[in-house]
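Visitor: Here it is: the structure, laid out below.
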Amino acid sequence: MKANVITAHGPARAVFEIREMPEPVATADDLIIKVLTTSVNPLDCRIRNKASVPRDLPLILGFDVCGVVVEKGSNVRGFKIGDRVTGSPTPFRSGANASYVAVDYRSCALAGRLTDEIAAAIPLAGITAFEALLDRLHIRSGNLVVIHAGAGGVGHMAVQIAKYVGCKVITTASREESLEYCTSELGADYVLNYREQDIKAAVMDLSEGKGAALILDTVGGSTFSQCIDYAAITGHICTILPVSTNAQEGYQLLLKNITVSYQFMGGPSRNPLNNRQGIILKRLVEMTEGGTLRPHVSKVYPLKELALAHEQIETGHTTGKIIIRVNNN
C-alpha cells in the first residue's frame, strides 16, 4: 500500500517519503479501514521530531481517521464491512498516513452524516477534550474553567464542550483572528490576549480573587508554570503535555493543595478494557450532527504534501484542525 512515512526523526521536509508499505493485518479487535482522510496533530510532530518510546522506522504517523471498513477481527461488534467510520489509531502502532490502517474497534464510531474532513477532525482532539474536562476535571454547570489556546485543535473542542455543559469559559489566544474566533464562533465568555494582558491578574479579577479552580492546559512549558500562579487553593490543573516542575513550583502546588492530572487519550488504547472512547466518540459525532459541536477545518492537504501540513502545525498558529486527504470514495 502507499504510505507517507518518516524515515528518521527530524525536520518534516527532510524525513517524509512516499513508500510502498505492507498492508496492516487485523487482530481480533481490529477494523481494517481504507483511509479517506486523516489529520495532523501536535502529537505527530512530537513523534516525528523525537521518539519518546522506541520506534521502528520507517514509521507511519496519523492518529485520526475517517474511512471505510474493509475487514474486521473476530471480536468486533457493532460494525460491518462497508461502514464509513471515524476513529483514532493508537500512536503505538502504524497510523493513517497510508491507504489502509488497523484500528481497535473500541476507538471507533460510525461517521454518520459527517463529511470525511469533519469526521477526521474529531477523534483525537475531541476525545482528549472530553476526557480532560469530564473525566479529569469533572466540570459541572456553573463552573468557571480556564482553557488555554481556545482556537487550537483540542482547545476549540474543549471550549464548545465546556459551554455545552454550562460552564463559564476563560480562554487565551493572541492573533486577531483567533481572538475573534474564540469570541464570536466558540462563545467563550472571556478571551484573553496572552501577549498583551497579564493573565494572572485577569484570571484573579474574573474569579473575584479566588483563582481558577479548574484549568485545562493545552500548551505546556511556561504556560503550565503560570497556571500554578493563578490556580485556586485546592484547584485542579489538567495538562495534555508532558510537564515538569522545579522545586519552587512544587512547593506552590503543595501549599495550595493543587491537583495535577494528565490527559493522554492514547494511554488506554495500549490496553483498552472497555469501549469508553468509542462511546465518547459516538457522542461527539451526534453533537456535531446536531450542531452543538462545530469542529473547524482550516485547510486540507493531499497526502503527498504531509510535510507542509506538519510545518503549518508547528507554526503554532493553526485554527482548529489540518486535514489530510488520502483516498477518494
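The values are calculated or read from the model by the stated rules, or taken from the named source; none is laboratory data. Since this is a predicted model, take the numbers as computed values, not measurements. A quick note on method: Cβ atoms are made from the backbone with ideal geometry, for glycine too, and the neighbour counts reach across all protein chains shown. To get the accessible areas, we keep the full protein, side chains included, count just its heavy atoms, and leave off ligands, DNA and RNA. Shrake-Rupley method; radii C 1.70, N 1.55, O 1.52, S 1.80 Å.
Visitor: With only Lys, Arg, Asp and Glu charged, each at its Cβ (+1 for the first two, -1 for the last two), find how big the charge dipole of the chain is about the Cα centre; round to the nearest 20 debye. Could the numbers behind the result be given before it?
Guide: Values: 33 positive and 32 negative charges, 137 e Å.
Its charge dipole is roughly 660 debye.
Visitor: Need the full-extension length gain, LYS200 to ALA8, defined as separation in residues times 0.36 nm minus the C-alpha distance. One decimal, nm. Present the calculation step by step, with values, prior to reporting the outcome.
Guide: Numbers: separation 192, 0.36 × 192 = 69.12 nm, distance 4.08 nm.
Additional length available on full extension: 65.0 nm.
Visitor: Still on this model: Hey, what angle do you get for helix 276-289 against the long axis of the chain, alpha-carbon based, 0 to 90 degrees rounded to 10?
Guide: 80
Visitor: Let me ask something else about it. So which GluC sites (Glu not before Pro) in region 174-273 pass both tests, a DSSP loop state and at most 13 other Cβ atoms within 10 Å of the Cβ? Please report the intermediate quantities before stating the final value.
Guide: Numbers: sites: GLU176, GLU177, GLU180, GLU185, GLU196, GLU208, GLU249; in loops: GLU196, GLU208.
Taking region 174-273 and a limit of 13 other Cβ atoms within 10 Å, the loop GluC sites (Glu not before Pro) found are GLU196, GLU208.
Visitor: Another question about this same structure. What shape does region 187-296 take by its C-alpha gyration tensor, where a ≥ b ≥ c are the square roots of the eigenvalues and a/c under 1.5 counts as rounded, a/b above b/c as prolate, and the rest as oblate? Mind dumping the intermediate values first?
Guide: Values: a/c = 2.36, a/b = 1.41, b/c = 1.67.
The shape class here is oblate.
Visitor: Label region 143-245 by shape, choosing from rounded, prolate and oblate, from the square roots a ≥ b ≥ c of the eigenvalues of the Cα gyration tensor; if a/c is under 1.5 it is rounded, and otherwise prolate applies when a/b is larger than b/c, oblate when it is not. Can you show the working numbers first?
Guide: Working: a/c = 1.34, a/b = 1.25, b/c = 1.08.
It comes out rounded by the Cα gyration axes.
Visitor: Further question on the same structure: Quick check: at a probe of 1.4 Å, how many percent of the accessible area of the chain sits on carbon and sulfur atoms? Mind dumping the intermediate values first?
Guide: Values: 7150 of 14180 Å².
Whole-percent figure for carbon plus sulfur exposure: 50.
Visitor: Is the chain rounded, prolate or oblate when judged by the Cα gyration tensor, a ≥ b ≥ c being the square roots of its eigenvalues, rounded requiring a/c under 1.5 and prolate requiring a/b larger than b/c? Kindly include the intermediate steps, with their values, before the conclusion.
Guide: Values: a/c = 1.79, a/b = 1.63, b/c = 1.10.
Since a/c reaches 1.5 and a/b is larger than b/c, the shape of the chain is classed as prolate.
Visitor: So between ASN246 and ILE18, what do we pick up on full extension, going 0.36 nm a residue minus the alpha carbon distance? Let's see the in-between values first.
Guide: Numbers: separation 228, 0.36 × 228 = 82.08 nm, distance 4.27 nm.
Working it through step by step, the gained length comes to 77.8 nm.
Visitor: With each label point set 7 Å from Cα along the Cα-Cβ vector, what nm distance links LYS256 and ASN193?
Guide: Here the modelled spin labels are 2.6 nm apart.
Visitor: Taking the DSSP beta bridges in the chain as the whole, what percent of them are antiparallel, to the nearest 5?
Guide: Working: 29 of 54 bridges.
If we restrict to bridges inside the chain, about 55 percent are antiparallel.
Visitor: Between LEU134 and THR234, what is 0.36 nm times their sequence separation minus the Cα-Cα distance? Round to one decimal in nm.
Guide: On the way: separation 100, 0.36 × 100 = 36.00 nm, distance 1.79 nm.
Length difference between fully extended and current span is 34.2 nm.
Visitor: Next question. Would you please give the FRET efficiency between ALA28 and ASN328, computed as 1/(1 + (r/R0)^6) with r the Cβ-Cβ distance and R0 = 35 Å, to the nearest 0.05?
Guide: Values: r = 30 Å, r/R0 = 0.87.
With a Förster radius of 35 Å, E is 0.70.
Visitor: When ligands, DNA and RNA are left out and all protein chains stay put, how many square angstrom of accessible area per residue does region 99-231 have with a 1.4 Å probe? List each step's numbers first, then the result.
Guide: Values: 4900 Å² over 133 residues.
Each residue of region 99-231 exposes 37 Å² on average to a 1.4 Å probe.
Visitor: ³J(HN,Hα) across region 56-67 via Karplus (A = 6.51, B = -1.76, C = 1.60, θ = phi - 60°), whole Hz, x for Gly/Pro?
Guide: Along region 56-67, the couplings run 8, 10, x, 10, 9, 8, x, 10, 10, 8, 10, x Hz.
Visitor: Calculate, for GLU176 and LYS50, the FRET efficiency according to 1/(1 + (r/R0)^6) with r their C-beta to C-beta distance and R0 25 Å; round to the nearest 0.05. List each step's numbers first, then the result.
Guide: Details: r = 33 Å, r/R0 = 1.32.
That pair, GLU176 with LYS50, gives E of 0.15.
Visitor: May I pose another question? Just to confirm, what accessible area per residue do you get for region 235-329 at 1.4 Å probe, in whole Å²?
Guide: Numbers: 4910 Å² over 95 residues.
On a per-residue basis, region 235-329 sits at 52 Å².
Visitor: Set the Förster radius R0 to 30 Å, insert the Cβ-Cβ distance between GLU208 and ARG283 as r into 1/(1 + (r/R0)^6), and round the FRET efficiency to 0.05.
Guide: Working: r = 33 Å, r/R0 = 1.12.
Rounded to the nearest 0.05, the efficiency is 0.35.
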